[in-house]
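Inspection log for the structure reproduced underneath, given as structure tokens.
The values are calculated or read from the model by the stated rules, or taken from the named source; none is laboratory data. Everything quoted here is computed from the prediction, not taken from an experiment. Cβ: placed from backbone, ideal geometry, glycine included. Neighbour counts: every protein chain shown. Heavy atoms of the whole protein, side chains included, go into the accessibility calculation; ligands, DNA and RNA do not. Shrake-Rupley method; radii C 1.70, N 1.55, O 1.52, S 1.80 Å.
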Amino acid sequence: MSWSPCPDPVLGDRRAAETIETLIVPRAVDLGEMTVRRALPSTKRQMVGPFIFFDQMGPAEFLTDQGIDVRPHPHINLATLTYLFEGEILHRDSLGTEQAIQPGAVNWMRAGRGIVHSERTSAERRRTGQRLFGIQTWMALPAEQEEAEPAFLHHAADALPIVDADGVRARLIAGRAFGASSPLATASETLYADLQLQAGARVPIDAAYEERALYTVAGTIEVAGDAFGPGQLLVLRPGDAITITAAGSDARVMLFGGAPMEGPRYIWWNFVSSRPERIAAAKEEWARGRFETVPGDEAEFIPLPEKKDAPLRAEGGVHYP
């Protein structure tokens, strides 16, 4: 995990400035096989509801015999959620799960006391090549669930509710919104939706969830008279109902948030916890090979980074002592 400063974009008119609490332009990192844009954590804001990590993967074009190979690596005390717009990723984990994820579906993995997983391009997709584009997020777990047994859930695209009206198509990934409810059972109050707007279409965003943010994937949206292009994270002011409009062309936006955690979280590499000492223990466990392995993917793993920095403290809009 990289921790990097974000530039200070300038907000537009006063109404937008009052509606948007924080504006973040993600830092783009070239990983060789594709570019990743990390919106959370940022120096400006580390969490929105339970979301503590928000990455845009791609879009990337993989030719024949190309793909991604994220070797087995560990997580603790968090949940991961993968959602794709294009392409496919093959997930394997130390529970014995092997599950390909495709556009519109969701893979949700609770690390709990500890899990190891890999993410790769399948042999079939390598033969044909593919375009890969999606969002990967991490969600902090409530303190009382951090050491829960690890678990994995998959919901196919046709299992997630879609609300389609007035030029807006909303797929509800988690939580309740737009008169629909997602079947995904998250660990805490969570909102996550994929909104596609035709040019000129408008969609209201109510204030039912305490913390909310918008991530612009494609096109330009207008909020309170100001325009925002692709690749920007807009953290909305709590309690304010707003309306977003697709300006000039079709647009796509991820809406996410939920209830804040009961206290801060700490981040180091792939580990997230409410207790820095738990991260220290996980580092030693991985270095000594004490995590379980991934069946069918035991030959490789990502070694523990050699960096000596302390875990970084993360919080959302609520400030803790």
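Filtering region 263-304 to residues that are part of a loop (DSSP other than H, G, I, E, B), in contact with a helix residue (DSSP H, G or I) (Cβ under 6 Å, 6 or more places away or on another chain) and under 18 Å from residue 48 (Cα atoms) leaves only 274. Out of the residues in region 162-183 meeting the condition of being aliphatic (A, V, I, L, M) and open to solvent by 10 Å² or more (accessible area, probe 1.4 Å), tell me which one is farthest from residue 252 (Cα to Cα). The residue in question is 180.
Of all the residues in region 139-161, those that are in a loop (DSSP other than H, G, I, E, B), open to solvent by less than 50 Å² (accessible area, probe 1.4 Å) and under 20 Å from residue 77 (Cα atoms) number 5.
Filtering 259, 314, 281, 299 for residues that are of a type in the set (Gly, Ala, Ser), more than 25 Å from residue 190 (Cβ to Cβ) and open to solvent by less than 70 Å² (accessible area, probe 1.4 Å) leaves a single hit, 281. Taking the criterion of being open to solvent by less than 10 Å² (accessible area, probe 1.4 Å), assigned to a strand (DSSP E or B) and either under 18 Å from residue 47 (Cβ atoms) or in contact with a helix residue (DSSP H, G or I) (Cβ under 7 Å, 6 or more places away or on another chain) (or both), the residues of region 109-138 that qualify are 135, 137. Annotation note: of 250, 206, the sole residue that is surrounded by fewer than 21 Cβ atoms within 10 Å (Cβ to Cβ), free of Cβ contacts under 8 Å to residues at least 60 places away in the same chain and within 17 Å of residue 48 (Cβ to Cβ) is 206. Consider region 121-141 and keep the residues that are within 17 Å of the chain's Cα centre (by Cα) and of a type outside the set (A, V, I, L, M, F, W, C). The one that is nearest to residue 316 (Cα to Cα) is 137.
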